1. Residues Leu180, Leu169, Leu197: which one is farther than 30 Å from Gly92 by Cα, surrounded by fewer than 21 Cβ atoms within 10 Å (Cβ to Cβ) and modelled with pLDDT under 95?
2. Check Arg104 against each of (1) out of contact with any helix residue (DSSP H, G or I) (no Cβ under 7 Å at 6 or more places or on another chain); (2) open to solvent by 50 Å² or more (accessible area, probe 1.4 Å) and name the one condition it does not meet.
3. Report whether or not Arg253 is surrounded by 20 or more Cβ atoms within 10 Å (Cβ to Cβ), among the charged types (D, E, K, R) and under 25 Å from Ala101 (Cβ atoms).
4. Inside the stretch 218-233, can you point out the residues that are surrounded by 14 or more Cβ atoms within 10 Å (Cβ to Cβ) and on the phi < 0 side of the Ramachandran plot?
5. Could you grab the pairs with beta carbons closer than 9 Å, sequence gap of 6+ or different chains, first residue in the stretch 204-230 and more than 15 Å from Ile185 (Cβ to Cβ), second one among the basic types (Lys, Arg)?
6. Being of a type in the set (Val, Ile, Thr), open to solvent by 30 Å² or more (accessible area, probe 1.4 Å), within 16 Å of the chain's Cα centre (by Cα) and within 27 Å of Val34 (Cβ to Cβ) is true for just one of Ile81, Ile113. Which residue is that?
Amino acid sequence: MRRRSRYWSVARTVAWRNLHLAMRSPALLLPSLVFPLFFYMAFAGGLSTVGGLPGFDYYNYDAFQFVFVLLQSAAFGGVFIGFSIGADFDSGFTRRLMLAARDRSAVIVGYGIAGLVRAVLVWMVVFAIALATGMEVAGSGVDLAGLIGLALVVNVAAFCFAAGVMTRLRTLQAAPAMQLPLFMILMTAPIYVPRNLLEGWISTVAKVNPFTAVVEAGRSLMAGDPFHVLLAFAAAAGGAALLVIFSWRGLRRAEAAG
C-alpha cells in the first residue's frame, strides 16, 4: 500500500508540474488548442459544400469534420506532451526525477495524466465552438460517451508512442520523429469525404489504415447509428497496448543510459 501511495504521489507531482507550467506559459498550451480549431474552421467552414456531393450521405458536414478533428486533437495532444518530456530531458530535470523515483514508470504516467487533462480541456473548447457555429449532434449521450472513449484511447496510444520515442532519443530535437509517423497515419484516413468517395492510391491506403476504422466508428456514433464500434475500439486498444510496451522498453533504455 505504501509503495502504491508513493507511486501515485510521484505521478501526481509530475502531472501537476506540467499542468502548472502550461497554465503559466500559454505558449505551451496554445498549439494543442489552436491546431484543432484551425482545422475545424478550415475543413467544416471552407469545405462545407462537399456535403452536397452525390454519394455523401452523412447527416451534417460540420459533425463529419468535428469527429476527425476531435480524434486528431486526441492524437496530437498525446504527442504534444512528448515535447515536455524532451525539454525536461534537455534540461536534466527528467533524469533527476528518475533518480528520485523508486519506480520510474510513475514519471511517465504523470506526463500521461497531464496530457490527458490538457486534451480534455481542448475537446471542451472545440465542442463548445462547434455547437456555437451550428454543428448538429444526432447521437445520444451514450453515443457521445463512446466517441469520447475512442478519443481517450487514441490519446493514450499517441502519448505512449511519443514517450517511447523521447525516452530513446532523450532530446527535444527528436520532435519530428514523433510527429511525422502520426501525421502520415492521420492524413491517409478519410478526412474530407467518406471512404466510398475516395479515389486512387489514397483509397487503397485508407482501406488498410487502422485509424480509418476509428474515424468511421466515431462518425457513426456522432450520427446516432453505431457501426463497427467494437472493431474501432479493438484497433485503438490494440495499438495502445503495443505502444505501452514500446514506451516501457524506451523507459528501460533511458534508465540504462543514466
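1. Working: Leu180 fails: farther than 30 Å from Gly92 by Cα; Leu169 fails: farther than 30 Å from Gly92 by Cα.
Residue meeting the stated conditions: Leu197.
2. Single failed check for Arg104: (1).
3. Working: surrounded by 20 or more Cβ atoms within 10 Å (Cβ to Cβ): no; among the charged types (D, E, K, R): yes; under 25 Å from Ala101 (Cβ atoms): yes.
So Arg253 fails the test.
4. Filtering the stretch 218-233 for residues surrounded by 14 or more Cβ atoms within 10 Å (Cβ to Cβ) gives 218-224, 226, 228-229, 231-233.
Of everything in the stretch 218-233, those that are surrounded by 14 or more Cβ atoms within 10 Å (Cβ to Cβ) and on the phi < 0 side of the Ramachandran plot turn out to be Gly218, Arg219, Ser220, Leu221, Met222, Ala223, Pro226, Val229, Leu231, Ala232, Phe233.
5. Matching pairs, first to second residue: Phe227/Arg219.
6. Values: Ile81 fails: open to solvent by 30 Å² or more (accessible area, probe 1.4 Å).
That would be Ile113, the only listed residue that is of a type in the set (Val, Ile, Thr), open to solvent by 30 Å² or more (accessible area, probe 1.4 Å), within 16 Å of the chain's Cα centre (by Cα) and within 27 Å of Val34 (Cβ to Cβ).
The values are calculated or read from the model by the stated rules, or taken from the named source; none is laboratory data. Note that the coordinates shown come from a computational prediction; the quantities given were computed from them, not determined experimentally. All Cβ positions, glycine included, derive from the backbone under ideal geometry; neighbour counts span all protein chains shown. To get the accessible areas, we keep the full protein, side chains included, count just its heavy atoms, and leave off ligands, DNA and RNA. Shrake-Rupley method; radii C 1.70, N 1.55, O 1.52, S 1.80 Å.
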